[in-house]
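Student: Have a look at the structure that comes next, please.
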Amino acid sequence: MLSIEIAKPAKKDVISDWREYKDDAGNVLASFLIAGTKRPAYQKGLEAMQVRFERELAGNTPIDDNSVSFTDELIQAAGRYLILDWTGISTATGEFEYSQANAITLLTQTKDGLVMWSWIKEQADDIQKAADGVVEDLVGKPLNSTSTKASPKNGAKKSSKPSTK
């Protein structure tokens, strides 16, 4: 009898960082915990969004007045997968608690939503770039496996002398 041990898949850590959202004068308005753009859930959400739009464009799904635009889907994906938490956001009735639904609301139903989405995406790109840089430093940069110089196919060294043929 073959005895096996089933290993549980390793949980992937989400790369994230707290970032301060400031006004033009430099005053902190709120703080956001933002995930890097390579977050698996975000990548999967973007793939699913692309498939939906490809179906619509191919005519498999009807397009009507209630169809969501590509930009609106991108904004919703950022709210759903890139914003992980926040502090310092309130409404006229009190504190606006973090949830995925509220993050989407913040980006899609407020007057500054489009500006905030752009800022969130910029921060997520920056967080991912920094994380990728740390990994490169730890692992080392990959060696270039291709040569820019052409070499003869038979393995002979290329002569630097001009041809006399």
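Student: Determine the dipole magnitude for segment 1-53: charges of +1 sit on the beta-carbon of Lys and Arg, -1 on that of Asp and Glu, nothing else is charged, the reference point is the Cα centre, and the result goes in debye to the nearest 20.
Tutor: Values: 9 positive and 7 negative charges, 60 e Å.
Its charge dipole is roughly 280 debye.
Student: Taking R0 as 25 Å, what's the FRET efficiency between residue 134 and residue 3 from their Cβ-Cβ distance, rounded to 0.05?
Tutor: Values: r = 40 Å, r/R0 = 1.59.
Approximately 0.05, to the nearest 0.05.
Student: Additional query: Name the long-range amide H neighbours of residue 84: under 5 Å, sequence gap of 5 or more, or other chain; modelled H, no Pro or chain starts.
Tutor: 33, 34, 35
Student: Based on the alpha-carbon gyration tensor of segment 50-100, what equivalent-ellipsoid semi-axes (square roots of 5 times the eigenvalues) come out, in whole Å, largest first? Walk me through the numbers before you get to the answer.
Tutor: On the way: eigenvalues 211, 33, 9 Å².
Listed largest to smallest, the semi-axes of segment 50-100 are 32, 13, 7 Å.
Student: Here's a follow-up. For the pair residue 71 and residue 44, how long in nm is the line joining their label points, each one 7 Å along Cα→Cβ?
Tutor: 2.9
Student: Got a sec to turn the phi values of segment 114-128 into Karplus ³J(HN,Hα) couplings, 6.51 cos²θ - 1.76 cosθ + 1.60 with θ = phi - 60°, whole Hz, x for Gly and Pro?
Tutor: 5, 5, 5, 4, 4, 5, 4, 4, 4, 5, 4, 4, 5, 4, 5
Student: Further, regarding this structure: If you add up the charges near residue 125, with Lys and Arg at +1 and Asp and Glu at -1, over every other residue whose beta carbon is less than 13 angstrom from its beta carbon, what do you get? Before the final figure, lay out each step's value.
Tutor: Values: positive: 19, 38, 39, 121, 129; negative: 17, 122, 126, 132.
With Lys, Arg at +1 and Asp, Glu at -1, the neighbours total +1.
Student: In Å², and per residue, what accessible area does segment 1-88 have when probed at 1.4 Å with the other protein chains present?
Tutor: Values: 6360 Å² over 88 residues.
Ligands and nucleic acids excluded, the result is 72 Å² per residue.
Student: Here's something else I'd like to know. Which loop GluC sites (Glu not before Pro) in segment 29-126, with loop taken from DSSP, have no more than 16 other Cβ atoms within 10 angstrom of their Cβ? Spell out each step's value before the answer.
Tutor: Numbers: sites: 47, 54, 56, 73, 95, 97, 122; in loops: 97.
Sites meeting the loop and neighbour criteria: 97.
Student: Still on this structure: Ignoring ligands, DNA and RNA, what percent of the 1.4 Å accessible area of segment 1-150 is carbon and sulfur?
Tutor: Of the solvent-accessible surface of segment 1-150, carbon and sulfur hold 53 percent.
The values are calculated or read from the model by the stated rules, or taken from the named source; none is laboratory data. Being a predicted model, the structure only gives us computed values, none of them experimental. So basically every Cβ, Gly included, is an ideal-geometry build from the backbone, and we count neighbours across all protein chains shown. Please note that ligands, DNA and RNA were not included when accessible areas were found on the heavy atoms of the full protein model with its side chains. Shrake-Rupley method; radii C 1.70, N 1.55, O 1.52, S 1.80 Å.
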